[in-house]
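Would you mind keeping the following structure in view while I ask a few things?
The values are calculated or read from the model by the stated rules, or taken from the named source; none is laboratory data. Given the structure is predicted, the values throughout are model-derived calculations rather than measurements. No Cβ is skipped: glycine too gets one built from the backbone with ideal geometry, and neighbour counts run over all protein chains shown.
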Amino acid sequence: MSRIQTVFENLKQRKRKALIPFFTAGDPDPALTVPLMHALVEAGADVIELGVPFSDPMADGPTIQRASERALKHHVGLHHVLDMVAEFRRSNAATPVVLMGYGNPIEAMGWETFARRCAEVGVDGALTVDFPPEESHEAFAHLTEHGIDPIFLLAPTSTDARVERVAKQARGYVYYVSLKGVTGAGHLDLAAIEQKIPQLRKHIDLPIGVGFGIRDAETALAVAKLCDGVVVGSRIVQEIENSTEQNVVANVGKLVKELRQAVDKA
Amino acid sequence: MYDYPDKNGHFGPYGGIYVAETLMGALDELNQAYEKYRHDPDFIAELNYDLKHYVGRPSPIYYARHLSDHLGGAQIYLKREDLNHTGAHKVNNTIGQALLARRMGKKRVIAETGAGQHGVATATVAARYGMECVVYMGAEDVQRQSPNVFRMKLLGATVVPVNSGSKTLKDALNEAMRDWVTNIENTFYIIGTVAGPHPYPMMVRDFNAIVSKEAVVQMPELAGRQPDAVIACVGGGSNAMGVFYHYIDMPGVKLIGVEAGGHGIASGSHAAPLTTNSPVGVLHGNKTYLMQDADGQIIETHSISAGLDYPGVGPEHAWLKDSGRAEYVAIDDDEALRAFHDLCHFEGIIPALESSHALAHAIKIAPTMGKDKVLLVNLSGRGDKDINTVAKLAGITL
């Protein structure tokens, strides 16, 4: 069983929901990425989504754009991110790590090389925002060949036909984008999520994580009740942005602990 | 018969639909609407009416006799897209997309712009059809193209300066995409070039193909035959696809795309992904040649002309390059500027700095060709918008 499967199986048995924090590798400083990953685990993260910096993050709002810019000031590229995961794995063998970003850095490395490196360093899944199922078949075949789960996005506008198509290719879990907009937008529509999840379940056997618009304990709890996992990105990146290099690890740990407590009430 | 793209928007290995799931619904909707209306007689009639009476089509072809005589080689003809309403070829496409938006019930249009020509063309049609209009423009371009910013505002558009990334065209495109995904229900994104996710590269080409449709009729009338080569500047590549399209199946006609050589190819400071064989990558919804570093990060480009200052290129140009049907060369800032002044001097026409690149290549090769040879240059826009840039380079304050 893969690390991602194991985590979701365990949670299911304990009737708990997954907490999946996201932050961008290299933000605010490459030396802090691995300590931040460990802090997330300690605070109760079940899966870590680690952002790969990209110069043109089209699907992201200003908060995550700035995170990419800060990381790129340190020239953090995909191969650095893979090295960071390797370092994290030296003292953590259990927590799944999903790389999240845009396709071009992987295109530049080559999908075969990327998939092999992921397997070597202990990456569990990859989510490329701008590779829908229409364009990802060949690329993602390399991932599954090396045991890396391709994680897919679904959106409020995804039709039944599209959900079905994603269901065929997706592994690990599915990431439902809960609102129309970029990351970090504010308007969460719980009723709409509640309505959409059954439509997704008709086609998808994998766990469903929901992200976009989750800002605090209250919204985390509300969303956790509706699905299998809660993804929190911009709020964590904002905490990183508002902290100093001295207190960032502690501050992010504290925030994630609060989210954990909220999610566990679901 | 040339028949690209395939139904999924691929030009060979290029093009496609590389966008987040959140945009797929909107692109499906657009695809269906375009397929429905592109052959619809009422839609075509309405489009043609506005192209004739509002834009002033057909645009003439002009024989640049004095310039040709001066060069002493091939005869240079100019397709006068600069004479269109709003002063460039861009309006051919914005009218088409705005009419489509109206049929789709979208009341708000957004656009990205580099030089401001596409922004002006979008603001113009938005005013014409009574739509709300928001134009995203890199903060650096807002500075260097201030006359066009004012024109857009006069036409009732909101111009949003984009301060992220390199503050140029690519960043304006990112921001427009973000707006679109947020306001998908009431908003139509009018992309200004033959890039972006399918169906944009095909649709923008189709709307601009009127340029070569006219030229294949006009050239025999004026020059007695088709040209030996058609030359156009290439940033994203919409004017070039427009003037190339109906010549693709005429093997006797060379197609030459001219990219921005900036400070010179050797300097690395340019916007010429095809000429320099940049690696293939994915940006703004399509796969194409892309200026990027070893990590796959998009690098900053440079050109004297804002409209060519783009790290990628339309996927159809990538395919025309690989298939050998078109060739791509670069003209640097200085050469373009000299061509700009040459056309002012010899023909009394102030060309856009973008179009000056195409012109500069014609000026370069004409003397190496016989007097019986014919070059057709797409004069894609007029240069009024560039007078501040040109004056500044000459040390003159207007």
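In the set B:176, B:157, B:223, which member is in contact with a Cys (Cβ under 7 Å, 6 or more places away or on another chain) and modelled with pLDDT of 95 or more? Before you say what the answer is, go through the steps one by one.
Details: B:176 fails: in contact with a Cys (Cβ under 7 Å, 6 or more places away or on another chain); B:223 fails: in contact with a Cys (Cβ under 7 Å, 6 or more places away or on another chain).
After applying the criteria, what remains is B:157.
State which residue is nearest to residue B:23 (Cα to Cα) when the search covers only segment A:60-69 and only residues that are within 9 Å of another protein chain (Cβ to nearest Cβ) and touching a strand residue (DSSP E or B) at 6+ places or on another chain (Cβ under 7 Å). I'd like the intermediate steps shown before the answer.
Our first condition is that a residue be within 9 Å of another protein chain (Cβ to nearest Cβ); within segment A:60-69, this holds for A:60-62, A:65-66, A:69.
This time we only want the ones that are touching a strand residue (DSSP E or B) at 6+ places or on another chain (Cβ under 7 Å), so: A:60-61.
Numbers: A:60: 13, A:61: 15 Å.
Here the answer is A:60.
List the residue pairs whose Cβ atoms are under 8 Å apart, where the first residue sits in segment B:44-55 and is of a type in the set (Val, Ile, Thr), the second is assigned to a helix (DSSP H, G or I), and the two are 6 or more positions apart or on different chains.
The qualifying pairs are B:55/B:91; B:55/B:92; B:55/B:95.
Just give me the residues in segment B:148-176 being more than 19 Å from the chain's Cα centre (by Cα), not in a loop (DSSP other than H, G, I, E, B) and not basic (Lys, Arg), in sequence order.
Across segment B:148-176, the qualifying residues are B:150, B:154, B:158, B:159, B:160, B:161, B:162, B:175.
Considering segment A:41-59 alone, what residues qualify as being within 8 Å of another protein chain (Cβ to nearest Cβ) and among the acidic types (Asp, Glu)?
Result: A:56, single match.
Yes or no, residue by residue, for (1) under 26 Å from residue B:214 (Cβ atoms); (2) under 17 Å from the mean Cα position of the chain (by Cα); (3) of a type in the set (Phe, Trp, Tyr); (4) in a helix (DSSP H, G or I):
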| position | (1), (2), (3), (4) |
| --- | --- |
| B:331 | yes, yes, no, no |
| B:339 | yes, no, no, yes |
| B:356 | yes, yes, no, yes |
| B:359 | yes, yes, no, yes |
| B:362 | yes, no, no, yes |
| B:366 | yes, no, no, yes |
| B:375 | yes, no, no, no |
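If you don't mind, another one. Would you point out the residue of segment A:122-154, among those that are at the interface with chain B (Cβ under 10 Å from one of its Cβ atoms) and in a strand (DSSP E or B), that is nearest to residue A:105 (Cα to Cα)?
Step by step, filter segment A:122-154, then rank; the result is A:128.
Tell me whether segment A:80-95 contains one or more residues that are at pLDDT 95 or above, touching a Pro at 6+ places or on another chain (Cβ under 6 Å) and surrounded by 23 or more Cβ atoms within 10 Å (Cβ to Cβ). First the steps, then the outcome.
Of all residues in segment A:80-95, those at pLDDT 95 or above come to A:80-95.
Cutting the leftovers down to touching a Pro at 6+ places or on another chain (Cβ under 6 Å) gives us none.
The answer is no; no qualifying residue exists.
Please give the number of the condition residue A:72 fails out of (1) part of a helix (DSSP H, G or I); (2) over 17 Å from the mean Cα position of the chain (by Cα); (3) away from chain B (no Cβ under 14 Å).
It is condition (3) that residue A:72 fails.
Identify, from the list B:24, B:1, the residue that is of a type in the set (A, V, I, L, M) and more than 24 Å from residue B:378 (Cβ to Cβ). Show your work before the answer.
Details: B:1 fails: more than 24 Å from residue B:378 (Cβ to Cβ).
That would be B:24, the only listed residue that is of a type in the set (A, V, I, L, M) and more than 24 Å from residue B:378 (Cβ to Cβ).
Scanning segment B:4-62 for residues that are among the basic types (Lys, Arg) and closer than 30 Å to residue A:166 by Cβ, which turns out farthest from the other protein chains (Cβ to nearest Cβ)?
To start, the set of residues in segment B:4-62 that are among the basic types (Lys, Arg) comprises B:7, B:36, B:38, B:52, B:57.
If we keep only those that are closer than 30 Å to residue A:166 by Cβ too, we end up with B:7, B:36, B:38.
Details: B:7: 11, B:36: 18, B:38: 21 Å.
Only one residue tops the list, namely B:38.
Follow-up. Identify the single condition in (1) over 16 Å from the mean Cα position of the chain (by Cα); (2) under 21 Å from residue A:131 (Cβ atoms) that residue A:43 does not satisfy, given that it satisfies every other one.
Failed condition: (2).
Right, another one. Name the residue that is nearest to residue A:6 (Cα to Cα), counting only residues in segment A:85-115 that are away from every other protein chain (no Cβ under 14 Å) and in a helix (DSSP H, G or I).
Pass one, segment A:85-115, residues away from every other protein chain (no Cβ under 14 Å): A:85-98, A:112, A:115.
The next check asks that each one be in a helix (DSSP H, G or I); those that pass are A:85-89, A:112, A:115.
Working: A:85: 19, A:86: 20, A:87: 22, A:88: 19, A:89: 17, A:112: 26, A:115: 21 Å.
Among residues in segment A:85-115 that are away from every other protein chain (no Cβ under 14 Å) and in a helix (DSSP H, G or I), the one nearest to residue A:6 (Cα to Cα) is A:89.
Of the residues A:219, A:157, which single one is surrounded by 15 or more Cβ atoms within 10 Å (Cβ to Cβ), of a type in the set (S, T, N, Q) and within 12 Å of another protein chain (Cβ to nearest Cβ)? Spell out how you get there, then give the answer.
Details: A:219 fails: within 12 Å of another protein chain (Cβ to nearest Cβ).
The match here is A:157.
Tally the residues that are closer than 16 Å to residue B:328 by Cα and over 21 Å from the mean Cα position of the chain (by Cα), restricting the search to segment B:291-313.
0
If residue B:105 satisfies every condition in (1) assigned to a loop (DSSP other than H, G, I, E, B); (2) of a type outside the set (Val, Ile, Thr); (3) farther than 19 Å from residue B:179 by Cβ but one, which is the exception?
All conditions pass for residue B:105, except number (3).
A follow-up question, please. Answer yes if at least one residue in segment A:190-208 is within 14 Å of chain B (Cβ to nearest Cβ), surrounded by fewer than 17 Cβ atoms within 10 Å (Cβ to Cβ), within 19 Å of the chain's Cα centre (by Cα) and over 15 Å from residue A:19 (Cα atoms), and no otherwise.
No, there is no match, as no residue in segment A:190-208 is within 14 Å of chain B (Cβ to nearest Cβ), surrounded by fewer than 17 Cβ atoms within 10 Å (Cβ to Cβ), within 19 Å of the chain's Cα centre (by Cα) and over 15 Å from residue A:19 (Cα atoms).
Of all residues in segment B:297-313 being in contact with a Phe, Trp or Tyr (Cβ under 9 Å, 6 or more places away or on another chain) and within 14 Å of another protein chain (Cβ to nearest Cβ), which is farthest from residue B:190 (Cα to Cα)?
So, considering only residues that are in contact with a Phe, Trp or Tyr (Cβ under 9 Å, 6 or more places away or on another chain) and within 14 Å of another protein chain (Cβ to nearest Cβ), the one farthest from residue B:190 (Cα to Cα) is B:297.
Something else about it: Within segment A:160-186, take every residue that is in a loop (DSSP other than H, G, I, E, B) and within 10 Å of chain B (Cβ to nearest Cβ) and give me the one that is surrounded by the most Cβ atoms within 10 Å (Cβ to Cβ).
Going through segment A:160-186, the residues in a loop (DSSP other than H, G, I, E, B) turn out to be A:170-173, A:178-182, A:184-186.
Pick out the ones that are also within 10 Å of chain B (Cβ to nearest Cβ) and you get A:179-182, A:185.
On the way: A:179: 22, A:180: 23, A:181: 21, A:182: 27, A:185: 17.
Step by step, filter segment A:160-186, then rank; the result is A:182.
With respect to residue A:84, determine if the residue is in contact (Cβ under 8 Å) with a residue 12 or more places away in the chain and closer than 28 Å to residue A:215 by Cβ.
Details: in contact (Cβ under 8 Å) with a residue 12 or more places away in the chain: yes; closer than 28 Å to residue A:215 by Cβ: yes.
Yes, satisfied.
Additional query: Looking at the structure I just gave you, is residue A:53 assigned to a loop (DSSP other than H, G, I, E, B), out of contact with any strand residue (DSSP E or B) (no Cβ under 8 Å at 6 or more places or on another chain) and of a type outside the set (Phe, Trp, Tyr)? Let's see the steps before the verdict.
Numbers: assigned to a loop (DSSP other than H, G, I, E, B): yes; out of contact with any strand residue (DSSP E or B) (no Cβ under 8 Å at 6 or more places or on another chain): no; of a type outside the set (Phe, Trp, Tyr): yes.
No, not satisfied.
State yes or no: is residue B:1 over 19 Å from the mean Cα position of the chain (by Cα) and part of a helix (DSSP H, G or I)? First the steps, then the outcome.
Working: over 19 Å from the mean Cα position of the chain (by Cα): yes; part of a helix (DSSP H, G or I): no.
The answer is no for residue B:1.
I've got another one for you. Tell me which residues, restricted to segment A:135-153, are surrounded by fewer than 19 Cβ atoms within 10 Å (Cβ to Cβ) and touching a strand residue (DSSP E or B) at 6+ places or on another chain (Cβ under 8 Å).
If we filter segment A:135-153 for residues that are surrounded by fewer than 19 Cβ atoms within 10 Å (Cβ to Cβ), which is where we start, we get A:137-138, A:141, A:144-147.
The answer is A:144, and nothing else.
Residues in segment B:96-137 that are in contact (Cβ under 8 Å) with a residue 40 or more places away in the chain, under 27 Å from residue B:354 (Cα atoms) and in contact with a Cys (Cβ under 8 Å, 6 or more places away or on another chain): how many?
Summing the residues that are in contact (Cβ under 8 Å) with a residue 40 or more places away in the chain, under 27 Å from residue B:354 (Cα atoms) and in contact with a Cys (Cβ under 8 Å, 6 or more places away or on another chain) in segment B:96-137 gives 4.
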